[in-house]
Amino acid sequence: MPEPTETALRRRARHLDTLTPASRDRAVDALRALAVLGVVLGHWLVTALVAEDGTLRTASPLQRLPWLAPVSWVCQTLAVFFLVGGHVATRGHASAAARGVPYRAWLRGRLDRLLRPVGALLALWTVAATALLLTGTPLNTLHTLLKLALSPLWFLLVFAALTAATPLVARLNPLWPLAVVLHVDVLRFGLHTGPDWLGWVNLPAGWLVPYTLGAAWARGEFRTRRAARTLLCGGTAATVALVLWAGYPASMVGVPGAAISNLNPPTLAAVTFGLAQCGLALLLRDRLRAAMRRPLAWAAVALVNLSAMTIFLWHQTALMATTAAALPAGRLPGLHTLPDGLGWVAARLAWLPVFALVLAVCWTAFRFREQGPRRHGPGSRPGRSRVVRVHRGAGPEAGRGVRRVV
């Protein structure tokens, strides 16, 4: 008699739980998963593709419904991703150096998995863009689609650059890049003397702040909750002050038509908001570790971590594929209509499961680019999950395989 699906899932989750080394900090994986899913959900909630006069253009509910700004506070989680990235890269580089692994080999391994899934995205959209041009798609529609599809790449480029700079910035005090952001914003918005390109200095400097906080975490500088509470309270107070009295937008993502975008490039308000997020993330570590002792919760987090870049790269494509596929049915609420009221918000919430289903199809088709193909050779079993791998150490467990979560 076939094993019930729920029982099989629980059995596999328990098996993964037993294979995970006790030394692994599951809170780090949980924070990374929450950061990725927050960005995905945020984009799905505040990105609208409006069908008008045979074309598609982007719009945002935040433009006409500014009271939805708190959505951006919950879902703009990039600072947490950079915090975790700095933590993991700093520990990984120190471990590699201790084992005598050259910097170049360490960096190649770090960047390989990060950038490997990009090729599939670029290949698909090259074919799609060519097909759309040949079928007479308006250029402004094509521009809208390509801008959304390729927008995640800016994040990967910045993250890759900071990863490569880990040996140089691992001991950098976060106050230094924070000071750069402060001075850039004073020139841009206070004195109005900076050139147009000056704001883009904040792109590396702004995300370097949470990255170096992650490095400090890896060095053990956040063992107590006091430092995390200081980050949370100080970052929150600074952000509130900047929004109320310095003219920064309340939304932590860009809003079409707004004079200032907090994210493109990052402003001082986005960075102080990121400090608050990092403080909250550090405060939640113990609770997340406790939650990750549940096998099903840990299995879900491990699955997201294994496919983090695939999910991140393809979530906008999933939204656009759903929107395009539904066009023959007319202008559907929450999908092709102007985001100007509660009705649109309710309809968009109803579309989220459809976006998730299409993203799952993309994940099934392209996750191998991130995880690598399954092996079917000697010593491996067909269909074996890449969630675990064999690791041989020099300790008491040397000589027998110790499977670890990747």
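All of the numbers you see were taken from the coordinates with simple rules; none came from a lab. Quantities reported herein were computed from a predicted structural model and do not represent experimental measurements. For neighbour counting, all protein chains shown are included, and Cβ atoms are generated from backbone atoms with ideal geometry for every residue, glycine included.
Brief remarks follow.
- Full extension of the chain segment joining A258 with R229 gains 7.2 nm, where the gain is 0.36 nm per residue of separation less the Cα-Cα distance.
- When H87, H43, H192 are arranged by Cβ crowding within 10 Å, least crowded first, meaning fewest neighbours, the order is H192, H43, H87.
- Evaluating 6.51 cos²θ - 1.76 cosθ + 1.60 at θ = phi - 60° for every residue in the stretch 261-276, the Karplus couplings come out as 10, 6, 10, 9, x, x, 9, 4, 5, 5, 6, 5, 4, x, 4, 5 Hz, glycine and proline recorded as x.
- As a proxy for reagent exposure, ranking V71, V84, V28 by other Cβ atoms within 10 Å from fewest up yields V71, V28, V84.
- Calculated FRET value between F368 and L122, using beta carbons and R₀ = 22 Å, to 0.05: 0.85
- All Cα pairs of the stretch 140-253, percent lying beyond 16 Å: 71
- Assuming charge only on the beta carbon of Lys and Arg (+1) and of Asp and Glu (-1), the dipole of the chain about its Cα centre is about 2160 debye to the nearest 20.
- Gyration tensor (alpha-carbon) shape descriptor, the stretch 1-108, a/c threshold 1.5: oblate
- Using a Förster distance of 45 Å, the FRET efficiency for A291-A350 (Cβ separation, nearest 0.05): 0.95
- Taken along the Cα-to-beta-carbon direction at a fixed 7 Å, the label points for L134 and L342 span 4.9 nm.
- Residue-averaged [θ]222 nm for the chain, counting only DSSP H segments that reach four residues, each worth -39500 (n - 2.57): -20500 deg cm²/dmol
- Here the contact order of the chain, divided by its residue count and restricted to Cα pairs under 8 Å and six or more residues apart, works out to 26 percent.
- T58, T47, T18 arranged by Cβ crowding within 10 Å, fewest neighbours leading: T18, T58, T47
- Computed from backbone phi, the HN-Hα couplings of the stretch 213-230 come to 5, x, 5, 5, 4, 4, 7, x, 8, 10, 5, 9, 7, 4, 5, 5, 5, 5 Hz, rounded to whole numbers (Karplus: 6.51 cos²θ - 1.76 cosθ + 1.60, θ = phi - 60°; Gly and Pro given as x).
- Cα gyration tensor, the stretch 27-293 - rounded (a/c under 1.5), prolate or oblate: oblate
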